[in-house]
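Peer 1: First the structure, then my questions, so here it is.
The values are calculated or read from the model by the stated rules, or taken from the named source; none is laboratory data. Quick caveat, the model's predicted, so the values are computed rather than measured. Here the Cβ is made from the backbone with ideal geometry for all residues, glycine too, and neighbour counts use every protein chain on show. Ligands, DNA and RNA are excluded from the accessible area calculation, which covers all protein heavy atoms including side chains. Shrake-Rupley method; radii C 1.70, N 1.55, O 1.52, S 1.80 Å.
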Amino acid sequence: MRPPVILEPSATFSSSSSPTDRRLNTLARHLSQFPDHNQMASHISPSPTASSDSVFAHIAQAPEDPILGVTVAYNKDPSPIKLNLGVGAYRTEEGKPLVLDVVRRVEHQLLNDLSRNKEYIPIVGLADFNKLSAKLIFGADSPAIQENRVSTVQGLSGTGSLRVGGEFLAKHYHQRIIYLPQPTWGNHTKIFALAGLTVKTYRYYAPATRGLDFQGLLEDLGSAPSGSVVLLHACAHNPTGVDPTLEQWEQIRQLIRSKSLLPFFDSAYQGFASGSLDADAQPIRLFVADGGELLAAQSYAKNMGLYGERVGALNIVSKSADVASRVESQLKLVIRPMYSSPPIHGASIVAAILKDRDLYNDWTIELKAMADRIINMRQQLFDALRTRGDWSHIIKQIGMFTFTGLNPEQVSFMTKEYHIYMTSDGRISMAGLSSRTVPHLADAIHSAVTGVA
């Protein structure tokens with residue numbers, strides 16, 4: 001064991017001294033400027049709470065997040081055949097995370113640009129990023145953009161953008177009720193409740209058909225108080241994978257506008273659902289085209305694979321450019337005490353890709369390849385189950401997730417007997433599957449359905 005280093009202010013260390021020795025020597029010289037430093041230390045009285053229990057001793061252990069907890073359990077399982085279908089992130093055929101080639105190239109460019117710095121960026125984020133994000137979601141020819149009626153601020157991915165939007169509505173909108181589809185992403189309820197809104201639900205999923213409860217949706221929104229906020233999944237509904245048709249979207253739009261409800265879109269999967277950026281944005285563009293107001297949060301976690309960069313945007317479409325300017329000014333006051341300004345790296349990657357034609361085209365190719373692999377996994381799973389019952393909903397649903405219809409007991413059985421991990425509501429991530437693991441999952445599903453009530 002190495003003997004302790006004695007802090008002597010007069011001690012000198014050679015160039016061959018260890019970094020630790022040199023740091024300690026620097027500290028000793030610093031302390032030597034205060035002759036009474038040893039005396040001072042000896043006179044420091046202990047905190048009144050030093051010998052008692054922690055002031056936080058009453059705090060209970062919080063439960064694991066129901067989604068992230070799946071991965072925690074998976075990581076503890078030593079089985080070589082274990083399969084994690086709970087994570088909401090893309091995986092390759094080999095089960096590995098993917099960094100897009102176009103992202104790697106842009107990061108290399110950014111790294112070698114010595115003119116770049118790490119200064120704070122504006123409260124609303126990078127200007128290019130905001131402008132290009134609005135064009136991506138609303139379309140380059142959007143009348144709202146051309147008339148300067150869009151306020152866009154960079155957010156901390158989709159989650160942070162939703163929270164900023166919720167805080168803004170709680171402070172400035174006359175109706176503090178928000179309706180969420182039942183079911184919805186588990187974090188939605190917490191985000192809006194903590195933002196200060198009253199959360200209610202509207203019917204969305206029909207377990208009997210494993211499809212959309214369209215009549216229930218219309219009835220519930222039809223009875224919502226005038227002015228209520230309505231959260232809508234732009235595409236690839238999470239967790240069900242069930243989306244309205246364009247004709248149904250048009251009926252939803254007419255109902256929302258006739259009731260003076262305020263639509264708030266969550267667009268987490270643009271381009272990732274169908275493989276087409278324009279097709280996946282079509283529901284939002286229907287609402288923008290009628291000249292009405294709306295909010296739209298967007299994320300680049302899935303479609304650019306920038307999960308850990310936490311990059312997204314909140315867009316608010318207003319009636320006029322003057323209102324949009326005032327809305328942006330108030331969004332700044334929401335953001336400033338929350339996180340001051342957003343991070344620069346992820347937004348720089350997005351902006352570089354969106355403004356360069358070649359990079360943009362390369363991105364769309366990689367994006368479609370991810371979407372196509374997920375669609376292929378749906379088909380393979382359906383094919384493996386087609387002789388074992390009606391599993392047609394697997395190929396009718398869209399996006400990263402499939403709502404299998406499995407109950408919690410069946411999910412628990414599959415975890416225990418087959419080492420397959422998913423959320424207790426039976427949601428599976430199609431991106432976590434591969435051609436190699438599809439047969440294992442199909443056998444597990446069939447065993448669970450036939451053996452567990």
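Peer 1: Once you sort the root eigenvalues of the Cα gyration tensor of region 176-334 as a ≥ b ≥ c, which label holds: rounded (a/c under 1.5), prolate (a/b larger than b/c) or oblate (the other case)?
Peer 2: rounded
Peer 1: Let me ask something else. Once label points are set 7 Å from the Cα along Cα→Cβ at both Thr20 and Ser435, what is their separation, rounded to one decimal in nm?
Peer 2: In this crude label model, Thr20 to Ser435 measures out at 5.3 nm.
Peer 1: Using a 1.4 Å probe on the protein heavy atoms, what percent of the accessible area of the chain belongs to carbon and sulfur?
Peer 2: 55 percent
Peer 1: Ok, one more. Within region 318-416, which trypsin sites (Lys or Arg not before Pro) sit in a loop by DSSP and count at most 14 neighbouring Cβ atoms inside 10 Å?
Peer 2: Within region 318-416, the qualifying trypsin sites (Lys or Arg not before Pro) (loop, at most 14 other Cβ atoms within 10 Å) are Lys319.
Peer 1: Under a Cβ-only charge scheme (Lys and Arg +1, Asp and Glu -1), can you give me the dipole magnitude of region 200-331 about the Cα centre, in debye to the nearest 20?
Peer 2: Computed charge dipole of region 200-331: roughly 220 debye.
Peer 1: What three numbers, in Å, describe the spread of the alpha carbons of region 65-155 along their principal axes, ordered from the longest?
Peer 2: Sorted from largest, the Cα extents of region 65-155 read 57, 36, 26 Å.
Peer 1: Using unit Cβ charges (K, R positive; D, E negative) and no other charged atoms, how large, in debye to the nearest 20, is the dipole of region 99-241 about its Cα centre?
Peer 2: Here the size comes out at about 280 debye.
Peer 1: Work out, step by step, the length gained on full extension between Lys319 and Ser79: first 0.36 nm times the residue separation, then minus their alpha carbon distance; give nm to one decimal. Please report the intermediate quantities before stating the final value.
Peer 2: Values: separation 240, 0.36 × 240 = 86.40 nm, distance 5.72 nm.
Result for the pair: 80.7 nm of gain on full extension.
Peer 1: Taking the Cα centre of the chain as the origin and placing charges on Cβ (Lys, Arg +1; Asp, Glu -1), which of Ala431, Pro97, Ser276 is farthest toward the positive end of the dipole?
Peer 2: About the Cα centre, the residue reaching furthest to the positive side is Pro97.
Peer 1: List, in order, the whole-Hz ³J(HN,Hα) value for each residue of region 311-317 obtained from phi through the Karplus relation with A = 6.51, B = -1.76, C = 1.60 and θ = phi - 60°; use x for Gly and Pro.
Peer 2: 10, x, 8, 10, 10, 10, 9
Peer 1: Could you report the chain's accessible area per residue, 1.4 Å probe, as an integer in Å²?
Peer 2: Here the per-residue accessible area is 49 Å².
Peer 1: Follow-up. Where nothing but the Cβ of Lys and Arg (+1) and of Asp and Glu (-1) is charged, how large is the charge dipole of the chain around its Cα centre, in debye to the nearest 20?
Peer 2: Numbers: 43 positive and 42 negative charges, 81 e Å.
Around 400 debye, computed over the chain.
Peer 1: Distance from the Cα centre of region 392-453 to that of region 342-385, in angstrom?
Peer 2: 25 Å
Peer 1: On to the next question. With r defined as the distance between the Cβ atoms of Arg388 and Arg326 and R0 fixed at 51 Å, what FRET efficiency is calculated, to the nearest 0.05?
Peer 2: 0.30
Peer 1: Quick one: compute the contact order of region 186-310, relative version, from alpha carbon pairs under 8 angstrom and 6+ residues apart, as a percent.
Peer 2: Value for region 186-310: 21 percent.
Peer 1: Just want to confirm a number: the relative contact order over the chain, from Cα pairs under 8 angstrom separated by 6+ residues, in percent. Each step should come with its number before you reach the end.
Peer 2: Details: 740 pairs, mean separation 97.4, N = 453.
Contact order relative to length: 21 percent.
Peer 1: Report the one residue of Gly155, Ser115, Tyr418 whose Cα lies farthest in the direction of the positive end of the charge dipole of the chain (charges on C-beta: Lys and Arg +1, Asp and Glu -1; origin at the Cα centre).
Peer 2: It is Ser115.
Peer 1: Still on this structure: Give me the number: length gained by fully extending Glu409 to Ile395, i.e. 0.36 nm times residue separation minus the C-alpha to C-alpha distance, one decimal in nm.
Peer 2: Difference between extended and current length: 2.6 nm.
Peer 1: Also, quick follow-up: With both partners inside region 168-324, how many of the DSSP beta bridges are antiparallel, as a percent to the nearest 5?
Peer 2: The antiparallel proportion sits near 30 percent.
Peer 1: Moving on to the next point. In whole angstrom, note down how far apart the Cα centers of region 226-244 and region 67-117 are.
Peer 2: If we compute the Cα centre of each part, the gap is 27 Å.
Peer 1: For the chain, what proportion of DSSP beta bridges, expressed in % and rounded to the nearest 5, is antiparallel?
Peer 2: So the antiparallel bridges in the chain amount to around 50 percent.
Peer 1: Whose amide H sits under 5 Å from the amide H of Leu294, counting only residues 5 or more places off or on another chain, with H placed in the peptide plane?
Peer 2: Those qualifying (amide H under 5 Å, at least 5 residues apart or on another chain) are Val317.
Peer 1: Evaluate the distance, in nm, between pseudo-label points positioned 7 Å from the Cα of Asn112 and of Lys355 along their respective Cα→Cβ axes.
Peer 2: Reported label-point gap for Asn112 and Lys355 is 1.9 nm.
Peer 1: Round to the nearest 0.05 the FRET efficiency obtained for Gln146 and Asp362 when R0 = 35 Å and r is the Cβ-Cβ distance.
Peer 2: 0.80
Peer 1: Further question: Excluding Gly158 itself, calculate the net charge of residues whose Cβ lies under 12 Å from the Cβ of Gly158, where each Lys or Arg counts +1 and each Asp or Glu counts -1.
Peer 2: After counting each charged neighbour, the total is +2.
Peer 1: Something else now. What angle, in degrees between 0 and 90 and rounded to the nearest 10, separates the Cα long axis of helix 277-289 from the longest principal axis of the Cα atoms of the chain?
Peer 2: Relative to the chain, helix 277-289 is tipped by roughly 80 degrees.
Peer 1: Let me ask another. Keeping all protein chains in position, work out how much accessible area Glu94 exposes to a 1.4 Å probe, and write it in Å² to the nearest 10.
Peer 2: Roll a 1.4 Å probe over it and Glu94 shows about 130 Å².
Peer 1: Ok, one more. So what's the Cα pair-distance distribution over region 231-297, bin width 10 Å, in %?
Peer 2: With 10 Å bins starting at 0, P(r) equals 21, 59, 19, 1.
Peer 1: Select from Thr387, Gly292, Ser329 the residue farthest towards the positive end of the dipole of region 288-428; place +1 on Cβ of Lys and Arg, -1 on Cβ of Asp and Glu, and compute about the Cα centre.
Peer 2: Of the candidates, Ser329 comes out farthest on the positive side.
Peer 1: Quick one: Karplus J couplings for region 358-372, per residue in order, coefficients 6.51, -1.76, 1.60, θ = phi - 60°, nearest Hz, x for Gly and Pro?
Peer 2: Taking θ as phi minus 60°, the curve returns 5, 5, 4, 5, 5, 4, 5, 5, 5, 5, 5, 5, 5, 4, 5 Hz for region 358-372.
Peer 1: Between Ser276 and residues 5 or more places away or on another chain, which pairs have amide H atoms under 5 Å apart, with H built 1.01 Å from N, and which residues are they?
Peer 2: Long-range HN contacts for Ser276: Gly271.
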